[in-house]
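Notes follow once the structure below has been shown.
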Amino acid sequence: MNSQLALNIRLRDDATFENYVGSAAAKIQGADRILYLWGLTGSGKSHLLQALCNKARLKKKDSIYLQDLGNHSPEILHRLESFPLVCLDDIHEVIGDENWELALFHLMNSVKDGNTQLVVSASIPSARLDIQLPDLASRLRATVAIETEALDDQEKLGILKLRARDRGFTLNDEVARFILDRSPRDMHHLIELLGKLEEETLRQQKRLTIPFVKKTLQL
């Protein structure tokens, strides 16, 4: 198990259910053994998967979160059923690859009769995945599916301000709106920008103003 743990992606400490906006957070907790999470890019799928793993860690349970699956061999899935919780992000990236599809199918079979919870995510419903292996297609389409909701601008502004407060600095409405209006609007990108601002405010000991944000993020 230790060799597998070495493959685990570092979790974001701020990925929790408490700071997720949307009904998917309640639906994904305590749900079925195998779950299929889907939604648009930036709608919080990665956040929820990591929140599951963070919650497991607090309960002293082993878990594994894997992303960028296409950068790995399908063998990475071998014996993952030994973990209480397995989260695989963006499986659509490897659908269509025969070896990956077989590995996913075998993992789902191993998990089905055990005590492991498997949660996978994708950008589209399972019925729209171009799956080559019929058995995998039917297995995925039979799982419980949970959709993440797209956020409106007001909700994104609220999340940015909340995350800034959690990181120890203040982001007012004017500055938050400036960032939202001048950058890609998916939450993954916006949170990355917030991380850069946190580093620079600490390094330069300055408040967040529009000129400071404009210079730091080159907006």
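Heavy atoms of the protein chains alone define the surface here; on that basis the chain has 53 Å² accessible area per residue at 1.4 Å probe size. Label positions at residue 23 and residue 172, each projected 7 Å from the Cα along the C-beta direction, are separated by 3.7 nm.
Expressed as a rounded percentage, what relative contact order does the stretch 118-197 have, with Cα pairs under 8 Å and six or more residues apart?
About 20 percent, as a whole number.
From its DSSP helices (H runs of at least four residues, each -39,500 (n - 2.57)), the chain gives a residue-normalised ellipticity at 222 nm of -13000 deg cm²/dmol. Using the Cβ-Cβ distance between residue 78 and residue 155 with R0 set to 35 Å, the FRET efficiency from 1/(1 + (r/R0)^6) comes to roughly 0.30.
How long are the three semi-axes of the equivalent ellipsoid for the stretch 153-193, computed from the Cα gyration tensor as the root of 5 times each eigenvalue, in whole Å, largest first? Show your work: numbers first, answer last.
Values: eigenvalues 43, 25, 16 Å².
Listed largest to smallest, the semi-axes of the stretch 153-193 are 15, 11, 9 Å.
Of the solvent-accessible surface of the stretch 116-219, computed with a 1.4 Å probe over protein heavy atoms with every protein chain present, carbon and sulfur atoms account for 47 percent.
Pairs of lysines in the chain whose Cα atoms sit within less than 18 Å of one another amount to 13, provided the residues are eight or more positions apart or on different chains.
Rg/Rh for the chain stands at 1.01; both radii use Cα atoms, and Rh follows the Kirkwood definition.
For the stretch 69-83, backbone nitrogen atoms closer than 20 Å to the point 7 Å from residue 60 Cα along Cα-to-C-beta are found at 83.
The values are calculated or read from the model by the stated rules, or taken from the named source; none is laboratory data. Remember, predicted model here, so these are calculated numbers, not experimental data. Cβ sites come from the backbone with ideal geometry, for glycine too, and all protein chains shown count toward neighbours. Ligands, DNA and RNA are excluded from the accessible area calculation, which covers all protein heavy atoms including side chains. Shrake-Rupley method; radii C 1.70, N 1.55, O 1.52, S 1.80 Å.
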